[in-house]
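> Dropping the structure in here first, questions after.
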Amino acid sequence: MSDTHKDTTTVTITINNRKIKANVGDTVLQTATKAGIKIPSLCYLKDINEIAACRLCVAEVDINGAPMRGLPATCVLRVQEGMNVRTNTKRVRNARRCNLELILANHDMNCPTCVRNGTCELQALCEEYGISGVRFEGEKRPVTIDALSSSIVRDSSKCILCGRCVSTCMKVQELGVLGFTNRGFNTEVGPAFDYSMRDVNCVYCGQCIEACPTAALRERRYLDEVWDAIDDPDKVVVVQAAPAVRASLGEEFGMPIGTPVTGKMTAALKEIGFDYVFDTNFAADLTISEEAHELLDRILNGGVLPMITSCSPGWVRYCEMYHPDFLPNLSTCKSPQNMMGAVIKSYFAKLKGLDPTKIVTVSCMPCTSKKTEAARDELEVDGIRDIDYSLTTRELGQMIKQAGIDFNNLEDAEPDRILGDYTGAAVIFGTTGGVMEAALRTAADVLTGED
């Protein structure tokens with residue numbers, strides 16, 4: 001091929017004696033991954049966190065026979081023509097083992113009691129590389145456990161300073177709540193000026209938890225409180241489950257991603273011991289009806305437009321913290337979670353002749369921000385909260401396992417009437433644009449009198 005027609009979009013490199021075509025601009029780690037060659041890493045998130053902090057993705061590299069100095073990190077090393085990469089030499093394996101031990105030397109290794117036991121990326125790599133002990137002993141960083149937030153717990157003893165949560169908060173959510181604080185040996189990840197996660201402009205979206213490879217960030221759990229309520233004969237414990245939970249709970253029990261488990265989930269909730277099991281979709285219908293009528297009222301009577309849904313507590317906090325000028329545009333409706341809680345402790349309590357103070361409402365939600373929403377001051381009337389405890393999908397999965405329930409072999413069950421019924425408007429509620437479509441269709445029905 002002549003120079004004028006030379007391919008400038010790819011180069012040829014060698015990885016572990018395999019000739020591989022690589023895209024110009026790609027890193028060695030990206031190229032290896034595409035070729036099915038595994039290179040371990042803890043800090044790397046493509047296009048989000050590429051800082052070569054963990055030093056586990058190192059390799060021996062030479063370019064046209066000239067060796068590169070040391071063991072470069074492949075997550076930031078761009079491919080070059082004539083590059084020869086070796087990812088599985090004794091030198092590389094020893095370096096990775098050494099780096100894992102150095103990480104563990106400043107890490108809380110009480111793995112059996114850790115919420116990420118079995119799903120921890122650090123634990124998995126230590127097992128893979130046969131780490132049976134830590135040779136390095138010395139001073140450990142001071143430990144900070146911030147459990148003041150209703151949604152997120154930060155535990156610095158589990159932090160490996162990979163920076164994944166910091167970059168996710170800054171680059172994906174564009175909030176910058178988390179950062180590296182202090183210097184040198186005392187460096188830790190958290191909000192600036194030692195503020196608690198409770199006291200900063202966090203929307204509690206949970207993306208930092210998702211990004212964390214260990215348990216340095218985790219959702220605040222309320223399993224013990226819920227079990228105590230179920231075991232209390234004086235309490236009537238009512239649970240509701242959001243639509244997203246039924247589509248993700250199956251993963252906790254080895255099912256393919258997205259497997260719908262509505263019937264099994266309902267059966268499990270009843271076996272756990274909840275007195276009543278309702279579907280949050282019922283409250284989604286109520287929300288749609290309320291939002292549609294509110295929209296019509298604003299249009300007909302000169303209210304603030306456009307009207308924006310208030311169903312997502314993360315979005316509501318974002319609006320409150322970062323765009324307060326849009327607060328008049330927010331719908332005044334509660335979210336389906338809290339609307340259901342209010343209905344349970346008013347209409348349902350009256351229907352069944354129950355004392356609202358004896359009712360404990362539990363919600364199973366896909367969002368950590370729902371925990372903080374449940375604890376908001378304005379969602380309590382005369383000492384009675386709409387929602388007492390909000391659980392994540394992971395917490396529900398753990399609760400089912402604690403109860404010894406064989407989830408995969410459960411017979412399907414139906415939620416209790418009538419707060420378990422719903423329409424098609426509620427079904428599309430959880431899809432992009434679904435709330436708006438359902439509200440507009442409902443408003444049109446109200447105006448025309450036709451379905």
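The values are calculated or read from the model by the stated rules, or taken from the named source; none is laboratory data. What you see is a predicted model; the values in this text were computed from it and never measured. Methodologically, a virtual Cβ is constructed for each residue, glycine included, from the backbone with ideal geometry; neighbour enumeration extends over all protein chains shown.
> What single numbered condition from (1) over 26 Å from Q398 (Cα atoms); (2) touching a residue at least 40 places away in the same chain (Cβ under 8 Å); (3) assigned to a loop (DSSP other than H, G, I, E, B); (4) of a type outside the set (F, W, Y) fails to hold for V143?
Every condition holds for V143 apart from (2).
> Does T89 fit the bill of being loosely packed, with under 14 Cβ neighbours inside 10 Å and within 28 Å of the chain's Cα centre (by Cα)? Break it down stepwise before answering.
Values: loosely packed, with under 14 Cβ neighbours inside 10 Å: yes; within 28 Å of the chain's Cα centre (by Cα): no.
No, not satisfied.
> Right, here's the next one. Of the residues K171, K158, which single one is among the charged types (D, E, K, R), in contact (Cβ under 8 Å) with a residue 40 or more places away in the chain, buried (at least 18 other Cβ atoms within 10 Å of the Cβ) and under 17 Å from C43 (Cα atoms)? Don't jump to the end; show me each part of the working.
Details: K171 fails: buried (at least 18 other Cβ atoms within 10 Å of the Cβ).
Just a single option satisfies the conditions, and that option is K158.
> Further, regarding this structure: Do we find a residue being acidic (D, E) and surrounded by fewer than 16 Cβ atoms within 10 Å (Cβ to Cβ) anywhere in the range 383-402? Give the derivation first.
Of the range 383-402, the ones acidic (D, E) are 386, 388, 395.
Filter once more, so that each one left must be surrounded by fewer than 16 Cβ atoms within 10 Å (Cβ to Cβ): none.
No, there is no match, as no residue in the range 383-402 is acidic (D, E) and surrounded by fewer than 16 Cβ atoms within 10 Å (Cβ to Cβ).
> All but one of (1) assigned to a loop (DSSP other than H, G, I, E, B); (2) under 28 Å from R394 (Cβ atoms); (3) not small (G, A, S) hold for L125, so report the exception by its number.
L125 satisfies all of (1) assigned to a loop (DSSP other than H, G, I, E, B); (2) under 28 Å from R394 (Cβ atoms); (3) not small (G, A, S) except (1).
> Moving on to the next point. Of these, T287, T259, T266, which one is among the hydroxyl-bearing types (S, T, Y), assigned to a loop (DSSP other than H, G, I, E, B) and in the same structural domain as L440 (by TED's automatic domain parsing)? Please lay out each step first, then the result.
On the way: T287 fails: assigned to a loop (DSSP other than H, G, I, E, B); T266 fails: assigned to a loop (DSSP other than H, G, I, E, B).
Only one candidate passes the filter, namely T259.
> Being buried (at least 21 other Cβ atoms within 10 Å of the Cβ), polar (S, T, N, Q) and in contact with a Ser or Thr (Cβ under 9 Å, 6 or more places away or on another chain): is that true of Q240 here? Working first, answer last.
Numbers: buried (at least 21 other Cβ atoms within 10 Å of the Cβ): yes; polar (S, T, N, Q): yes; in contact with a Ser or Thr (Cβ under 9 Å, 6 or more places away or on another chain): yes.
Spelling it out, Q240 is indeed buried (at least 21 other Cβ atoms within 10 Å of the Cβ), polar (S, T, N, Q) and in contact with a Ser or Thr (Cβ under 9 Å, 6 or more places away or on another chain).
> While we're on this one: What number of residues within the range 143-159 are closer than 13 Å to M109 by Cα and not charged (D, E, K, R)?
Qualifying residue count, the range 143-159: 3.
> Can you tell me which of Y318, Y347 is touching a residue at least 60 places away in the same chain (Cβ under 8 Å) and not acidic (D, E)?
Values: Y347 fails: touching a residue at least 60 places away in the same chain (Cβ under 8 Å).
Among Y318, Y347, only Y318 is touching a residue at least 60 places away in the same chain (Cβ under 8 Å) and not acidic (D, E).
> Taking V134 and the conditions (1) closer than 18 Å to R55 by Cβ; (2) touching a residue at least 40 places away in the same chain (Cβ under 8 Å), which numbered condition does it fall short on, given that it satisfies the others?
(2)
> For N338, work out the one condition from (1) at pLDDT 95 or above; (2) assigned to a helix (DSSP H, G or I); (3) within 19 Å of the chain's Cα centre (by Cα) it doesn't fulfil.
(3)
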